[in-house]
Each structure stands twice: as C-alpha cells, then as structure tokens.
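Visitor: Input: one structure, supplied below.
The values are calculated or read from the model by the stated rules, or taken from the named source; none is laboratory data. Computed from a predicted model, the values in this text were never measured in an experiment. Methodologically, a virtual Cβ is constructed for each residue, glycine included, from the backbone with ideal geometry; neighbour enumeration extends over all protein chains shown.
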Amino acid sequence: MARKPPPTSEPAPTVSSTDPRKAAVEALMRLAAQRAWDEIELGDIAGEAGVSLATLRGLFPSKLAMLGGLTRIVDEAVLAGVSDDLAGEPPRERMFDLVMRRLDALSPYKEGLRRIMPIVKRDPLTLAALNRGAVNSWRYMLASAGIATEDGLGPVRVQGAVLLMARVSEVWLDDDEPELSRTMARMDRELKTAGMVMARVEDVHRLTAPLRGLALALCSGRRSRVRRRERGDGRGTGEPGEDYAPAI
C-alpha cells in the first residue's frame, strides 16, 4: 500500500471558531508559537481567544488542561475520518494510517508544539498527566482501527501506541522536509520494533494462561475458605459489640 505523509504545516486557524473551547486551545497554540510557555498568561489566552477570563475559567482550569483540549480536537478530527478502507489490512498498516492522520491533524499546531514539548518534558508530573490523556486518546484510536483494547493485553497495546506516537512525534517536530522522510523512516523502525515486542508479549501471555488460571482458582478457593471459617467461628453474625456491617 502506498504511504503518503501528511501535508506540511499550515497556519493555525484563526479565532473565528464558533466553539469557545476550540478557540481557547487555538489561541494558546498561536501564542505558544510566538513566546515561551512560562510567559503565556491566562489573560493573554483569553484576549487572544476573544473571551473573558471568567469564560476561560469555565472552559479550562489551566494551560495544561488546554493541551488536553488539543488532544480531544485531534481525536475528533481523526475519528471523523474513520473508514473501512483498511479493515482487511494488517495491524501494522492500520497503525501507520492512524499515526499519519494524527500528524495531519496536528500539523496546524506544529510550531507551537515545537516550543512547548521541550518545556513539558522536563516536568515529570506534567508528563504523567499528558500520558493519562494520551492513553484515553489511543484507546479510541485503536478501537477505530479494529484493534482490541479491552482484552488482557489491551492496556499493553494502548500504552505501546502512546510510546510509538511520542517517539515518532519527536522526529516529526523537527522534520520540515516536504516528504517528511525522517519521520517516515522513524515510523517504519518503531512499527517494526512494536511488532516484535507485541509478538513476544502475546507468546508469553498465551504460555502463561494456565498459570494465571491456576492462580485465580487458588485465590478464589482461599477466599471461600476464609468466608466459611468466619461463618463457623461466629463472626459475621451481627452480635452486639461486633464491628460488622451486613451486606445488602
């Protein structure tokens, strides 16, 4: 299947958006493209978005939350373009398509992200918060591509997709070539590595299934014996003075 990179970066949309949340996010990204992250004040964002500070407070509690709002904007753009064209393709091709479409949706905000990401990467708490948002995002991304997220290995697939996107984005932010050749090369390497890792994880998961079943059975049996012993020694009878709350 022919692989095409997303279009080159375009200017971020203007404040004409009728969605005040989107307008606030776009205002932040325009400001981020022009000045340092810690120099952007909430009042600046409100003024750029054309809303009052009170309205902005009702939309987002912080600049970090606005970055989460950007993730949601990108999610909606990608999910709106979902089709069945790749339904019969291997997971690798579906993942390639997902990442490319996300980069396409992010391209209007590339300059702002280029200046923001080095700052947020130095703050572990911010990174942890962004990772939580990315996990929620990629759960839907994978679901849109028909990749399981709710089975035993679902969390592994989701977190792996988050890491893959982060590594590809690192190259994409500094890749200004029209064909995004460096980004494409990094994508191929990451997909190959992810495929090998998931194959091993799936093998281990399959081989350890009997042990997990045995452990579950032993734990269930132990809980049953504890409940029987409690009933036999008079506990759980609701006698006066006991610390007991009957189940309803």
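Visitor: Would a scan of region 124-132 turn up a residue that is surrounded by fewer than 17 Cβ atoms within 10 Å (Cβ to Cβ), farther than 23 Å from residue 31 by Cβ and more than 16 Å from the chain's Cα centre (by Cα)?
Guide: yes
Visitor: Taking the options 54, 33, name whichever one is out of contact with any Cys (no Cβ under 6 Å at 6 or more places or on another chain), modelled with pLDDT of 95 or more, surrounded by fewer than 13 Cβ atoms within 10 Å (Cβ to Cβ) and among the aliphatic types (A, V, I, L, M).
Guide: 54
Visitor: Pick out the one residue from 12, 46 that is modelled with pLDDT under 95 and hydrophobic (A, V, I, L, M, F, W, C).
Guide: Values: 46 fails: modelled with pLDDT under 95.
The match here is 12.
Visitor: Also, I was wondering about something else. Specify the residue that is surrounded by the most Cβ atoms within 10 Å (Cβ to Cβ); the eligible residues are those in region 160-183 that are part of a loop (DSSP other than H, G, I, E, B) and not aliphatic (A, V, I, L, M). Let's see the steps before the verdict.
Guide: At the first step, the residues of region 160-183 found to be part of a loop (DSSP other than H, G, I, E, B) are 174-180.
Now restrict to residues that are not aliphatic (A, V, I, L, M): 174-179.
Numbers: 174: 9, 175: 21, 176: 12, 177: 11, 178: 9, 179: 11.
Top of the filtered list is 175.
Visitor: With (1) in contact with a Ser or Thr (Cβ under 8 Å, 6 or more places away or on another chain); (2) at pLDDT below 95 as the list, and residue 148 as the residue in question, which single condition is left unmet?
Guide: Checking residue 148 against (1) in contact with a Ser or Thr (Cβ under 8 Å, 6 or more places away or on another chain); (2) at pLDDT below 95, the one that fails is (1).
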